[in-house]
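Readers should treat all values here as calculations from the given coordinates under stated rules, not as data from a laboratory. Remember, it's a predicted structure, so these values are computed and weren't measured experimentally. Ideal geometry is used to build each Cβ from the backbone, glycine not excepted, and the neighbour counts take in all protein chains shown.
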Amino acid sequence: MQSQAELRYLLQRIDHKGYPAYKDTRGSYDFGKYVLSIDHVQGDPFAAPSKVSVHVKGNTAKFPAELYQMKCRRTALCDYLLRQFGRELEKVSFKAKGSGKSGLMSVSRPGQEVLERTACQMDEAKGDIILRFEVGFPANGRTVNSRELEKIFFQFVPECVAHSLYFAALDAKQVKRVTDLAEDQQYIREHLKEQGLVAFVADGSVLPRESGVSGRPMKDAVKFKSPESMKVSFDLPHHGAVSGMGIGKGITLIVGGGYHGKSTLLKALELGVYNHIPGDGREYVITDDTAMKIRAEDGRSIKKVDISMFINHLPNGKDTRSFSTEDASGSTSQAANVMEAMEAGTNVFLIDEDTSATNFMIRDELMQRVVNREDEPITPFIDRIRELYTDFGVSTVLVAGSSGSYFHKADCIVQMNQYEPFEITAFAKEEASRFPMPKQAAPEKSTPSFARYIRPDRAFREDARMKLKTMGRDGISINHDTIDVRYVEQLSDTEQLAALAYILKYAESHVFDGRRTLKEAVDVVMKVLDEKGLAVVCESSYLPCGLAMPRRQEIFACVNRYRKIML
């Protein structure tokens, strides 16, 4: 490790030289209260910015141990520090001048969800902090402008660190509030099962969002209020008693008129698999963390999935116990999404009628009279929904606005009326009794197979310089092959997609060996990630700053949508 004086001397020595001279700066420099590490230097002022990190020892940062020793608290604290550092960085970005990306200073920009990220990490034993960010090294044309870089490293960065990474510089009450909230959220998540619940929505929650492209809460929105018949309470470690609507295991139906809040409630439940920041409005909207949004996905690829639970006896004779296609229909894609979610260990399906294939969800009485059941290869979801719960332990939360047939199947029915929920199970059941379901033989019990063995793709082993790229929230590109994840709706952050690309590359090289099933392979990956973090999947000399941890459900979804996967 070198001193900060040596860095200053080096910068003065290379001033006005060709831009590649910046490569000499790579290394670690002692700035007294922290270490500055230049991990990767861009090759050109117009290229992706250089990667830089700041390392602060725990005995310097001086955060109390109770703030970071629990994983949920540590993740929340790192998220808070990252946001604080980002605010400071915004004040000085581009204050250093030059061509191209000169003077750019950027760091991860978290949304409303609290995720484990590589941008800020903390050691659970000592409280050491690593914060990773990007800097555009200044240039005049394509020559070094190191005097401007001196401003960044000797003025701007020290100010950002001083205002955001030391406990004494922060609002102690706010830091405690953030970490206490994370522990309270985790407490609810861990105690859902013992109350027989799959989700909880606290009274006073604000579910509507500011707009379709903003995750921030809507101002003056109607606050959530639980029906008395569904009200449950939790005695949280820090907040104390909190009450709200408990959604029980089994089949829950959410109904109501258009624009009354059905889909808004479901969307909150979808993202309830993650913790949220204070002020989000959904802090105490907590969902079973295995829950998966299920929808139709026309055109997706399917590889050897057993969809025989829902689809059989296709006219072309295609085997539905090991079904493959490069261009799935709405019904086959939704059937595959159900089975893949079960394979991933999902305990709760979240379904919106609006994004489902109609013929997969229901066949009304008239259609059954006109088209004999023997001539219809699809066993609709309504015929399997009870079996999914009783035989496989998978609950369903379903939003319906047009079909009343699910009234017969539901254990609990909630009507949304102007964003307020009302429990109407008894009334709806009485009305449904006047419209009896057509009598028909129950479908045969299903015993789906999840034994899909995954083989390595030679391309991953032969090309160590594989190009990985994310395309916003829409997909991942691996050597120009796109994995379309637009409809994997619980991916909340583009950094999760970046992590998925690295995870897939790691798994192809180290885990997918042809002897493990897909489930066994993902179990191995999750164990490694849990023990070693995202650093284990990055084989470069430095850890990228823009990765966020996905769930196992999204890892499954990514693998299942990769058209070149070897199953």
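Using Cα pairs closer than 8 Å and at least 6 residues apart in sequence, work out the relative contact order for region 189-450, in percent.
Answer for region 189-450 is 23 percent.
Lysines within cross-link reach of LYS303: Cα-Cα under 18 Å, excluding same-chain residues under 8 positions apart?
Within the straight-line limit of under 18 Å, LYS303 reaches these lysines: LYS318, LYS519, LYS564.
Taking region 458-560 on its own, what percent of its Cα-Cα pair distances exceed 17 Å?
Tail of P(r) above 17 Å: 49 percent of Cα pairs.
What is the distance, in nm, between label points placed 7 Å from the Cα along the Cα-to-Cβ direction at LYS97 and at GLU124?
Spacing of the two 7 Å Cα→Cβ label points: 5.0 nm.
Once you place label points 7 Å from the Cα toward the Cβ at ARG13 and THR60, how far apart are they in nm?
2.4
If you wrap a convex hull around the alpha carbons of the chain, what volume per residue comes out, as a whole number of Å³?
Convex hull of Cα atoms, per residue: 159 Å³.
Which cysteines in the chain lack any other cysteine whose Cβ sits under 4.7 Å from their own Cβ?
Taking the Cβ cut-off of 4.7 Å, the unpaired cysteines of the chain are CYS72, CYS160, CYS412, CYS538, CYS545, CYS558.
What does the convex hull of the alpha-carbon atoms of region 205-287 project to on average, in nm²?
6.3
If you line up the long axis of helix 4-14 against the longest principal axis of the chain, both from Cα atoms, how many degrees apart are they, to the nearest 10?
Helix 4-14 sits roughly 80 degrees off the main axis of the chain.
Measure out, as a whole number of angstrom, how far apart the alpha-carbon centroids of region 202-217 and region 157-180 sit.
So the separation of the two Cα centres works out to 27 Å.
DSSP beta bridges in the chain, what fraction antiparallel, as a percent rounded to 5? Don't jump to the answer; show the numbers that get you there.
Numbers: 60 of 78 bridges.
Taking every DSSP beta bridge with both residues in the chain, the antiparallel ones total about 75 percent.
Rg over Rh of region 26-101, using C-alpha atoms and the Kirkwood radius, what does it come to?
1.05
Measure up LYS304/LYS439; LYS23/LYS126; LYS91/LYS532; LYS57/LYS532 against 30 Å on the Cα-Cα distance and list the ones that go over.
Numbers: LYS304/LYS439 34 Å; LYS23/LYS126 32 Å; LYS91/LYS532 34 Å; LYS57/LYS532 20 Å.
Result: LYS304/LYS439; LYS23/LYS126; LYS91/LYS532 exceed 30 Å.
Rounded to the nearest 0.05, what FRET efficiency is calculated for TYR542 and THR447 with R0 set to 41 Å and r the Cβ-Cβ distance?
Working from the Cβ atoms, E equals 0.25.
Using only Cα atoms, find the angle between the long axis of helix 71-92 and the longest principal axis of the chain, and express it within 0 to 90 degrees, rounded to the nearest 10.
Roughly 50 degrees between the two axes.
Pop a pseudo-label 7 angstrom from the Cα along the beta-carbon direction at both SER243 and LYS33 and give the gap in nm to one decimal.
It works out to 4.8 nm between the two label points.
Quick check: the angle from helix 494-510's long axis to the longest principal axis of the chain, C-alpha only, nearest 10 degrees?
Result, in degrees: 90.
Of all beta bridges DSSP finds with both residues in region 189-450, what is the antiparallel percent, to the nearest 5?
Counting DSSP beta bridges with both partners in region 189-450, the antiparallel share is about 60 percent.
Assuming 0.36 nm per residue, please report the length gained on full extension of the stretch ALA5 to LYS176 beyond their Cα-Cα distance.
Result for the pair: 57.8 nm of gain on full extension.
If each residue of separation counts as 0.36 nm, what is the full-extension length gain between PHE167 and LYS219 once their alpha-carbon separation is subtracted?
Using 0.36 nm per residue and subtracting the Cα-Cα distance, I get 15.5 nm.
Tell me which of ILE362, GLY204, PRO380 sits at the most positive position along the dipole axis of region 189-450, charges placed on C-beta atoms (Lys, Arg +1; Asp, Glu -1).
GLY204
Would you report the distance distribution of C-alpha pairs in region 189-450 as whole percents per 10 angstrom bin, up to the bin with the largest distance?
7, 29, 34, 21, 8, 1, 0
Cross-link list LYS173/LYS223; LYS173/LYS231; LYS62/LYS176; LYS71/LYS527; LYS176/LYS219: which exceed 20 angstrom alpha carbon to alpha carbon?
Listed pairs above 20 Å: LYS173/LYS223; LYS173/LYS231; LYS176/LYS219.
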